[in-house]
Amino acid sequence: MSYGLQIASLVIIFIVVMEFYRYRRLNLLTTKMFEVLIFLSVTSILFKSLCIFSYYNPEHFTILSAKLIHQLFYVTVNINIWMIYMYIDLRTRSIKNYTTPQFVLRILPLFLSFLMVLLGDINYYCEPDEAYAYGIIPLSSYFAFSCYFLMIVFLLLRSEHFKEKQYNFEFILFLSIWLVTALVEYLCPYMHLSSASSCVAVLFYYLIFENPKDHTDKDISSAFSRYAFEYTVQEFFKLRRHFWVINFSLQNVEAIRSTYGQKACIECLEKAIQTIPEFKSYNIFRTLEYSFGFIINSKEELNNLYGSYKLSDRTLFLTDYMVAPSFSVCSIECPAIVSSSEGLISLLAFCKNGVESKSGSSIQIIDKSTAEKRNYIAAVESLLQKAVDEDGFEVYYQPIVNSITHKCVYFEALVRLKDKDTLGYISPDVFIPIAEKKGLISQLGDRVMNKVCSFVRKYNLDKQSFVGVGVNLSGFQLQDPSLPYRLHQSVKNYDISTKFINFEITETIAVHSRNAVIAANIEKLKKMGYKFSMDDFGTGYSNFSNMSSINYDLVKIDKSMIWQAFDGKNRKSMTVLISIINMIHSIGCTVVAEGIETESQAEFLRECGIEFLQGFFFSKPLSEDSFLEYLSKLDDDSGVTELNILKK
């Protein structure tokens with residue numbers, strides 16, 4: 001009589017239990033199932049030990065008590081097998097709530113095995129070196145094992161996790177060991193391997209799924225990891241639970257990082273979690289790189305939170321210094337606002353820089369409109385990537401006219417992105433920042449430049465009476481050291497004079513022109529003969545000292561400054577506008593006024609000495625064909641020299 005295998009199994013499970021309960025655990029259904037699995041495994045091993053004892057000491061047992069012990073053992077084994085299956089099923093299902101037929105199908109083999117245990121017979125084989133039970137009752141476990149083993153294989157083959165090769169090796173290894181132990185137990189029942197089988201299941205689930213150390217964030221020991229957060233909300237969505245995520249995002253990351261270093265940002269998160277008493281009752285998760293949060297389950301609890309958190313008011317004492325971090329706090333109701341873990345993570349990332357609070361509380365409630373905006377941005381990102389890959393952009397051209405003759409002497413190239421099916425027209429103010437953020441702006445800029453040069457060459461616009469064409473450059477483009485070469489290559493390929501191309505950059509870029517790469521790129525392009533314009537003057541820093549660093553050929557006054565001057569209620573704005581026009585002229589730059597919408601605006605600005613005008617009064621941005629028609633009609637009406645464009 002030997003209990004070596006049972007003792008070894010109990011020792012291994014005991015070690016697992018000690019490690020498992022040593023750390024904080026996620027409050028999940030699968031975690032609770034794992035705890036039940038541990039209990040059942042220990043119970044079955046103890047019953048198995050009692051069964052072995054009964055084989056060699058029959059004098060201590062009646063026939064009825066021996067049968068009862070074996071029945072209890074096989075019931076716990078069968079439930080254990082069912083729990084092993086259900087755990088994997090819940091892990092791999094997209095929806096964790098079962099319909100009645102689904103649950104009946106999953107419980108049926110267990111129910112039949114119970115009937116076999118209750119109604120079946122049992123016999124015993126006892127020799128000094130071999131002892132075991134046989135009959136219908138022991139066969140119940142092999143029946144349950146066969147059914148649930150095949151069901152596990154079937155659901156794994158259908159599972160997205162298995163198709164994506166997540167844990168494939170681990171699952172195959174576990175199922176192989178489980179199958180081998182079952183076969184050996186069936187062929188050699190005197191080896192009593194059921195204890196080892198239970199131990200392997202507990203050890204497998206612990207190492208792969210339920211190790212609390214894997215759920216703890218590596219940087220912040222007092223918080224669960226981002227993976228743990230994602231898995232938790234995945235389970236909540238699968239169970240169709242109603243919950244709220246409260247998220248805290250560090251706002252002044254750049255200031256803290258530049259002053260104290262990257263480590264200080266992480267320490268701010270950790271200290272905020274540790275020093276605020278209200279957080280101790282929650283499981284805190286690291287949700288994003290510089291964000292943490294927790295989950296609540298009731299509206300009443302949410303109402304109690306409103307106005308409770310103002311982390312920006314708290315000075316945190318870090319290792320070597322004091323920091324006053326600023327946090328934005330938002331709440332997202334699930335699944336009312338967002339219904340998937342991927343959507344939730346995306347929405348948190350979208351809101352991490354804070355959104356305007358509509359409730360007056362310190363917690364900003366994310367509503368449907370914010371989620372729809374995030375969905376729109378995500379759709380634009382997808383469309384933008386497709387447009388870059390497939391050259392799906394269009395270039396429109398807006399005429400810029402001589403203020404005296406109203407003849408088009410210059411035109412600006414404007415990139416357009418359209419989705420004919422769902423999104424419709426997409427503003428450059430939306431997709432250009434996205435292109436910059438996604439690292440697509442260089443490819444976009446190259447395609448625009450190529451289209452502009454192709455259009456100019458196709459109709460020989462550089463041979464007509466045009467001053468040139470304006471092409472916008474973003475700050476991200478100008479930070480690319482290879483930009484001058486790529487732009488110049490496009491212009492050379494179409495045999496266009498560099499003097500015909502006027503690159504328009506904003507005031508904000510001009511401020512950063514002291515950046516070594518930006519300054520070098522601008523200098524290289526100017527030496528090649530390209531012209532430069534300051535675009536949207538009046539919206540940024542409006543600092544004349546910035547203009548002297550680049551030596552612009554044109555300055556375009558933004559429409560906001562023009563409209564404000566013609567408001568009629570603010571006479572000072574008109575005085576400022578006139579002064580700015582005179583100062584720009586005094587440094588030798590030509591002026592373009594943007595946003596002209598009325599004849600009186602055009603006439604007044606002409607009298608102020610502005611050379612060029614641009615706006616809807618003359619023309620909106622036009623497609624290539626419409627732009628050519630506009631030029632042809634303008635020539636016919638004005639009697640100026642024919643451009644011969646439509647005859648090309």
The longest stretch of the chain containing none of the GluC sites (Glu not before Pro) that sit in a DSSP loop with at most 16 other Cβ atoms within 10 Å is 357-596
Note on the range 462-504: C-alpha Rg/Rh, Kirkwood Rh, two decimals, gives 1.00
Please calculate the 1.4 Å probe accessible area of residue 67, with all protein chains present, and give it to the nearest 10 Å².
60 Å²
What ranking of 451, 373 comes out by heavy-atom accessible area, probe 1.4 Å, highest first?
373, 451
With +1 on each Lys and Arg Cβ and -1 on each Asp and Glu Cβ, how big is the dipole of the chain about its Cα centre, in debye rounded to the nearest 20?
280 debye
Given Cα pairs under 8 Å that are at least 6 residues apart, what percent is the relative contact order of the range 1-155?
25 percent
Dimensionless Rg/Rh of the range 126-282 - Kirkwood Rh, Rg from C-alpha atoms
1.18
Where does helix 63-92 land angle-wise versus the long Cα axis of the chain, in degrees 0 to 90, nearest 10?
10 degrees
Which net charge results when you count Lys and Arg as +1 and Asp and Glu as -1 among the other residues whose beta-carbon is under 14 Å from that of residue 13?
-2
Have a look at 449, 465, 481 and report the one farthest towards the positive end of the charge dipole of the range 438-483, computed about the Cα centre with Cβ charges (Lys/Arg +1, Asp/Glu -1).
465
Net charge, residue 56 excluded, C-beta distance under 12 Å - Lys, Arg +1, Asp, Glu -1
-4
Determine the alpha carbon to alpha carbon distance for each of 437/531; 407/620; 418/620; 499/526; 218/263; 492/526 and list only those over 20 Å.
437/531
Would you check the accessible area of residue 447, probe 1.4 Å, heavy atoms only, in square angstrom rounded to 10?
80 Å²
Share of antiparallel DSSP beta bridges in the chain, in percent to the nearest 5?
60 percent
Of 634, 417, 600, whose Cα points farthest to the positive end of the dipole of the chain (charges on the beta-carbon: +1 Lys, Arg; -1 Asp, Glu; origin at the Cα centre)?
600
What is the helix-to-structure angle for 368-390, meaning the angle in degrees between its Cα long axis and the longest Cα principal axis of the chain, kept from 0 to 90 and rounded to the nearest 10?
70 degrees
With every protein chain in place, what's the accessible area of residue 563 (1.4 Å probe, Å², nearest 10)?
110 Å²
Evaluate the charge dipole of the range 443-487 about its Cα centre and quote only its size in Debye, nearest 20, assuming +1 on the Cβ of each Lys and Arg and -1 on the Cβ of each Asp and Glu.
220 debye
Convex hull volume of the Cα atoms in the chain, per residue, in Å³?
225 Å³
If you put +1 on each Lys and Arg Cβ and -1 on each Asp and Glu Cβ, how big is the dipole of the range 361-401 around its Cα centre, in Debye rounded to 20?
280 debye
Angle between the Cα long axis of helix 168-187 and the longest principal axis of the chain, 0 to 90 degrees, nearest 10?
10 degrees
Set of aspartates and glutamates near residue 67 by C-alpha distance (under 13 Å), chain-local residues within fewer than 8 positions excluded
121
Computed over the chain, the relative contact order (Cα-Cα under 8 Å, seq sep at least six) in percent reads 8 percent
Could you give the length gained by full extension between residue 499 and residue 190, i.e. 0.36 nm per residue of separation minus their alpha carbon distance, to one decimal place?
101.8 nm
When the helix-only estimate is applied to the chain (DSSP H runs of n ≥ 4, each -39,500 (n - 2.57), divided by the residue count), what is the mean residue ellipticity at 222 nm, nearest 500 deg cm²/dmol?
-17000 deg cm²/dmol
Rounded to the nearest 0.05, what FRET efficiency do residue 369 and residue 12 have when you use their Cβ-Cβ distance and R0 = 56 Å?
0.55
Dipole of the chain, positive direction: furthest Cα of 613, 97, 186, with charges on the beta-carbon
613
Normalised Cα Rg of the range 1-116, dividing by 2.2 N^0.38 Å with N its residue count, works out at 1.28
Give the carbon-plus-sulfur fraction of the accessible surface of the chain in %, rounded to a whole number; probe 1.4 Å, heavy atoms of protein chains only.
56 percent
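The values are calculated or read from the model by the stated rules, or taken from the named source; none is laboratory data. Nothing here was measured: the structure is a model prediction, and the numbers come from that model. Cβ: placed from backbone, ideal geometry, glycine included. Neighbour counts: every protein chain shown. Side chains are part of the model used for accessible areas, which takes the heavy atoms of the whole protein and leaves out ligands, DNA and RNA. Shrake-Rupley method; radii C 1.70, N 1.55, O 1.52, S 1.80 Å.
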